[in-house]
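Taking it in order: structure first as structure tokens, then the write-up.
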Amino acid sequence: MAITHIIFWFLTALALVSALMVLLSKNPVYSVLWLIAVFFAISGHYILLNAQFLAIVNMIVYAGAIMVLFLFVIMLMNLDKETEPQKDIWMKVAGVISGGCLLIQLVRLAKDAPEMVNKTALLKTGSIGLIENLGKVLFSDYVVPFEISSVLFLSAMVGAVVIGKK
Amino acid sequence: MPIQYYIYLALSLFSIGVVGVLTRRNAIIIFMCIELMLNATNLLLVAFSKMHHAVALASNTATQVGIEGQLFVFFIMVVAAAEVSVGLAIIVMMYRNTHSVDINFLNRLKN
């Protein structure tokens, strides 16, 4: 078993266990910390796929900025001392059954898809994930969506300030 | 690594997010589960991008096929960051009005 396989299975197990712990934690602060573990595992998968730019951006933007924002909001609300109101047990069972049915259906679809038979995702090689190549494409072919996203950010910033001010 | 493994991993993460949205009542946890679903999609996009790159690389060594998948992931992250800032502002405002983040208090439009 090659070292990349070991890393792949370790990161997969880490992602799945952490994602389950996000759901099972009673305290929202622990949920945020487990979600950060999920994001680090996914960043590890990006590095394994040689998508280095996305790995760094995932770590900085998601684990660094967004999760800290969540933590700040939770601590502002002082939620961790009260117990969260729970849905009744039948709603939980119904939710788990619906999610399981969705998973089974999607896995069955993906298993039989003829486009994916004997295809492999390239590990550790390939240069399309490097910053140089991504930057060239981003600032030549995709420069208009890139500029539009700056307008989106401005409107989101103004919206957040206006909503949070009153 | 076969593409199926990545598909199963992403589908499992997505389904865990769906179950979280359906079973929890805390608005912040529901929001975090939506982030989890977005990340599962991102992982699948990167895996497919490398899959198409592997196919194209067999015939042409200087090809850049598949780079769009990673750019889409970048734009998804941009949109998710904007979404989180507005969504958390809405949750803070909801907490100020109802002193709770329980989504079952948000049924006032019903009456």
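The values are calculated or read from the model by the stated rules, or taken from the named source; none is laboratory data. Just so you know, these numbers come straight off a predicted model, no measurement behind them. For neighbour counting, all protein chains shown are included, and Cβ atoms are generated from backbone atoms with ideal geometry for every residue, glycine included. Calculation scope for accessible area: heavy atoms of the full protein, side chains included, ligands and nucleic acids excluded. Shrake-Rupley method; radii C 1.70, N 1.55, O 1.52, S 1.80 Å.
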Selection over region A:18-47 where residues are touching a Leu at 6+ places or on another chain (Cβ under 6 Å) and at the interface with another protein chain (Cβ under 9 Å from one of its Cβ atoms) yields a count of 7
Does region A:97-120 contain at least one residue that is not in a helix (DSSP H, G or I) and not assigned by TED's automatic domain parsing to the domain that holds A:Leu23?
-> no
Tell me, please, whether a residue that is part of a loop (DSSP other than H, G, I, E, B), over 23 Å from the mean Cα position of the chain (by Cα) and within 24 Å of B:Ala81 (Cβ to Cβ) can be found in region A:134-141.
-> yes
Tell me, which helices (runs of 4 or more DSSP H) lie completely within chain B with 1 or more residues that are in contact with a Phe, Trp or Tyr (Cβ under 6 Å, 6 or more places away or on another chain), facing chain A (nearest Cβ under 7 Å) and open to solvent by less than 20 Å² (accessible area, probe 1.4 Å)?
-> B:27-57, B:67-98
Of the residues A:Leu71, A:Leu23, A:Leu16, A:Leu49, which is touching a residue at least 24 places away in the same chain (Cβ under 8 Å) and within 16 Å of B:Ala40 (Cβ to Cβ)?
-> A:Leu49
